[in-house]
Amino acid sequence: MKTFKHALTLALAAGLLSACGGGGGSNSPDRPGLRLDPETLRIEFPNGNILAGTGNAMIQARMLALQTDGIEDNQTPELNVTADTNWSITGSDNDPVVAAVADEVRDAGSLGNVIDILSTIRLTTADTTKNLALAGSYSFSGQTYNLSSPFSVRPPIPNGPAFISGPGAIALDPLNDVVPDDVAYQLLQPLKEIPTPENQTGTVRFCSDSDFLAFNGNQPYTQGSAPATITNPFFGNDDNQTVVVTVQVIDPDFDCDEIGETQVGGTDENPIFLSPDYTKTVQLIPAVVQAGGVTICGIINPEVDACGTDGTFNDASYLSDCRGLNSTSIDVPAGENLQMVARLNYTNPSNGNQPAFTDYRCAASGRLTWSADGDPIFDNGLDADDGSASFISRSEFLDIADSNPSSDVTGSFDNNNGSPAITDSLTLNLVDSTVSDIEIVQVDPDPNAPNTIFLNILQEDLDYRAQCTFGESNPVTATCSDACVSWSVEDEDLLTVNPETGSTTTVSSTDGSTVGSADLIATYTCAPGINDTQEITTVDDPVVELHLLQVSNANEDPEVRNVDAFSCVGRTDLVGTLADGETFINGSQQFYAHALFQSEAMNLSDEERANLDPSTLPDVSGADAVVFSALPGYANGDGSCATALGLELPDLPGSGGGDGDGSLLSGIPILGGLLDFYLGDVIDILTIPLDSLPGLPGGGDGGFGAGPAASFSGEMKGQLQANGQLRLSTVCIQSFIDNDGSGGLTEGDDLAQESSSVLVLPAADDNLLNFSNELCEILEPALTLGAGTPASGIVPAGIVVPLVYGVSLIADPVLNVLDDTVPTEDILNALITGSFSDLSIPGQPEFTDAPFGLGFLTNGLLSGTGATPGLEPTLVDALDSCLIDPLTLSVNSLLTGLLTLDPGALGDIADSGFSPAECAAIFGDVLPGDGIGLPDLPGAPGIPLPLPTP
């Protein structure tokens, strides 16, 4: 008994200590915290440890460990220490290397951090399984723990035919054109003894036999799946018939429109038709609302934009005002207005795996109807089509108040498939409409700065709504009646309200510049003594960064905006005739201005600001103060432009003075002998009197140049279009904030950090567009080499842009004037190919071919000449080798070196890449002086560079 008493006493004491938080129990504050238990470290392959040896497959691995507090072990949650582990692969079968660990750990969503094990080469079916091990080394508390776990790399042996994976039935909202944007397909090849099939999507072309499911963009798709663009075939009509689409896979060397056409190799008796290698049938079906899928609610005094003309409900703005979604009855005030709304929950009747989706509607012609029964609480009944109504007046309500009037409203939805309508009901209890309170509510407030007007170029206002409390015993909160609310401000010199009556109003800064605070006042005018105030503050918010963005020429998504140093525009009337995909040259180019304001910058760290994506900043393109400009010249990489000044020229051949023996380019900041050729030989060949050409000395407008080859149109702000149908030049694009209202860039204006060069091309047909495509797409790394990193005393606009601009100073004015004089396409062909003998102009003799054209420069760089290879495989490296580091050279040396191939002008030659001799072989035919095939030219005194800037 004594022993029992002691045990009982100890048990009671332990219980007391534990209850009080002492004694080292699990809830004790003095018990050690949890920490990683290194003895439980383990390597896990969450998706299996068999890697397909396809050369592009991968599997994931993680390093995990349980926790301990020194008292209890094996406690969860398990810790993921993958990122702190050093990984390697061991095993003799990895020589040669068949698997490697990824360079970095990545976040794999629900799996957390993982390290990828990559297949590096494709094994053949004759190869054997490679047995390897993943080794992980993890350090904890000064001790290193080394673990290893086996995995295997198996040869990809097909196990049956490949198949197209993806949804086979897609349900679409029959009342809304919103479609899923995550539909994608893959071509998968099952493999023997490998659980994950090989993804072959990137090796084929996906096609469809219907525009309702299309595969757009460049193929093959390299991201592992083929995204499909869906168009809703049911929206806007009553046809609910299932649409059957066939997804097809073919060899990427063929186009989708070649399916079913005859191919080379067949005969008339036995033709060969292109047929898809794999197909999948996909059904587009109308989604249905099943039993229980309709829920209705009601809004008191709805805003004018609560319901669209098509019956859609603006749930993004007003869903919180719609009462009844979670109840069977609501109170509604007499004398006010009502809007009923139905929430429709759609499902896929053929595929339960497709997530359900929701649509909110006020009306749907022939599909959604409204009805009401019970007491006469409506003034003129409930509209059966759109669910709107007005309640009886307060005086009429008081006459029947003792009977607690109410009405049951029913919303009925017809799936239009012969099944019974799906319904839901809500009881409306009519209550007194006496207003006891009014509250000012900001619409869409900035959570970081509510009730604040930022004084910046966007000139944004604040929207407010008056919310009333109806009744006292069972109050109902809803938007006030329009006729019973007036708005005013304490200081009209600071703030302005518009309108001054109604349930909503907009508050603006009176002058757009005055900083201060004042009260907004809402007064309920249908009863005395009911009002509310809200202080509103105006703060100065200048632009601290302005950025110039555009939709890059080669970008497949027109909504994606980038900072891009180079782009092209072509002839508007030409580009529209080209088949999609043949060229990316646009008839116009859209530019945008995005700004970082002080209000946002003050919340960013230096690192966040340095890494800020300009496309995520507010679009200020539409602001009146934002100006886009296009100047003859090119961007020099720091937001400004390099452009030739209007300097005087000496007498030119055909201008009525001089014999042409002197330099044609004296004092002109352009390209010496090469342009002498263009000005002298080309103009002489054409035998066009220069004094008759507007834009040239002695010509019609008395000045040099035909104006910018492209300018911003008045149709859409920021839209750049070519001026005329035959232009060849570059323009420099800038954006700035016109702070002084002068319309031009002045010292006090805010200039965008970027400028952009745009090459205006006179491309005329698919053959000539080949040159244009090369310049814009393949040569863009060369064109923009050095842009954005200006060095001291130079203008790093790239290599080819200054060259083209220099050519254009002479060629573009001529081209511009010749639009109506000679066949424009023939002139274009002559400029690009040098084949002037092909021109046929009445009254003119046969012309002599030029030794080269602009296309030669492009093709020489890309394809090489003769035995000299081109630069296409390793473009940037090769240019670095030919021209050395352009950032270390002045523009004078750079262009001189390009035209003369003088090693002294180019500096040291890189260790690898092209030699000067190889560069000379490419450009030998276009060099001045002793260049092969080029006639002797008048003296070229050199290039007075760097080019002056405005």
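When you look at Asn448, is it in the same structural domain as Thr525 (by the TED database), in a loop (DSSP other than H, G, I, E, B) and in contact (Cβ under 8 Å) with a residue 24 or more places away in the chain, yes or no?
The answer is yes for Asn448.
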The listed residue being more than 30 Å from Pro542 (Cα to Cα), without any contact (Cβ under 8 Å) to a residue 60 or more places away in the chain, not aromatic (Phe, Trp, Tyr) and not in a helix (DSSP H, G or I), out of Glu460, Glu472: Glu472
Tally, over segment 134-151, of residues that are open to solvent by 10 Å² or more (accessible area, probe 1.4 Å) and touching a helix residue (DSSP H, G or I) at 6+ places or on another chain (Cβ under 9 Å): 6
Subset of segment 54-92 (residues that are within 30 Å of Thr203 (Cα to Cα), modelled with pLDDT of 95 or more and small (Gly, Ala, Ser)): Ala61
Number of positions in segment 285-314 that are touching a Pro at 6+ places or on another chain (Cβ under 6 Å) and buried (at least 23 other Cβ atoms within 10 Å of the Cβ): 1
Check on Gly387, among the small types (Gly, Ala, Ser), farther than 18 Å from Ser329 by Cβ and assigned by the TED database to the domain that holds Val294: no
Residues being within 31 Å of the chain's Cα centre (by Cα) and not acidic (Asp, Glu) - total across segment 443-486: 15
Where Tyr185 falls short, out of the listed (1) at negative phi; (2) in a loop (DSSP other than H, G, I, E, B): (2)
Candidate set: segment 368-409, residues that are within 44 Å of the chain's Cα centre (by Cα) and open to solvent by 30 Å² or more (accessible area, probe 1.4 Å); chosen: the one nearest to Gly324 (Cα to Cα): Ser388
Residues of segment 414-467 satisfying the condition of being touching a Phe, Trp or Tyr at 6+ places or on another chain (Cβ under 7 Å) and within 30 Å of Asp238 (Cβ to Cβ): Ala421, Ile422
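Residue-wise test of (1) among the hydroxyl-bearing types (Ser, Thr, Tyr); (2) over 23 Å from Asn326 (Cβ atoms); (3) open to solvent by 40 Å² or more (accessible area, probe 1.4 Å).
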{"site": "Ser425", "(1), (2), (3)": "yes, no, yes"}
{"site": "Leu428", "(1), (2), (3)": "no, no, no"}
{"site": "Asp437", "(1), (2), (3)": "no, yes, yes"}
{"site": "Ile457", "(1), (2), (3)": "no, yes, no"}
{"site": "Asn474", "(1), (2), (3)": "no, no, yes"}
Options Thr525, Thr537; residue that is open to solvent by 30 Å² or more (accessible area, probe 1.4 Å), within 30 Å of Phe597 (Cβ to Cβ) and modelled with pLDDT of 90 or more: Thr537
The one condition in (1) within 30 Å of the chain's Cα centre (by Cα); (2) open to solvent by 80 Å² or more (accessible area, probe 1.4 Å); (3) of a type in the set (A, V, I, L, M) that Val247 fails to fulfil: (2)
Number of the exception - Gly352 against (1) under 30 Å from Ala162 (Cα atoms); (2) surrounded by 15 or more Cβ atoms within 10 Å (Cβ to Cβ); (3) not polar (S, T, N, Q): (2)
Search result, residues across segment 484-514 that are open to solvent by 60 Å² or more (accessible area, probe 1.4 Å) and aliphatic (A, V, I, L, M): none
Enumeration of residues in segment 409-442 that are charged (D, E, K, R) and either in contact with a helix residue (DSSP H, G or I) (Cβ under 6 Å, 6 or more places away or on another chain) or farther than 30 Å from Pro286 by Cβ (or both): Asp432, Asp437, Glu439
Cβ pairs under 7 Å, 6+ apart, first in segment 272-293 and more than 22 Å from Val244 (Cα to Cα) and among the β-branched types (Val, Ile, Thr), second open to solvent by 80 Å² or more (accessible area, probe 1.4 Å) and modelled with pLDDT under 95: Ile272/Thr262
Strands (runs of 3 or more DSSP E) completely within segment 228-347 that count 3 or more residues being touching a strand residue (DSSP E or B) at 6+ places or on another chain (Cβ under 9 Å) and of a type outside the set (Val, Ile, Thr): 278-286, 288-300, 329-333, 337-347
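The values are calculated or read from the model by the stated rules, or taken from the named source; none is laboratory data. This is a predicted model, so every value here is computed, not measured. Neighbour counts run over all protein chains shown; Cβ positions are idealised from the backbone, glycine included. What goes into the accessible areas is simple: the full protein's heavy atoms, side chains included, and nothing from ligands, DNA or RNA. Shrake-Rupley method; radii C 1.70, N 1.55, O 1.52, S 1.80 Å.
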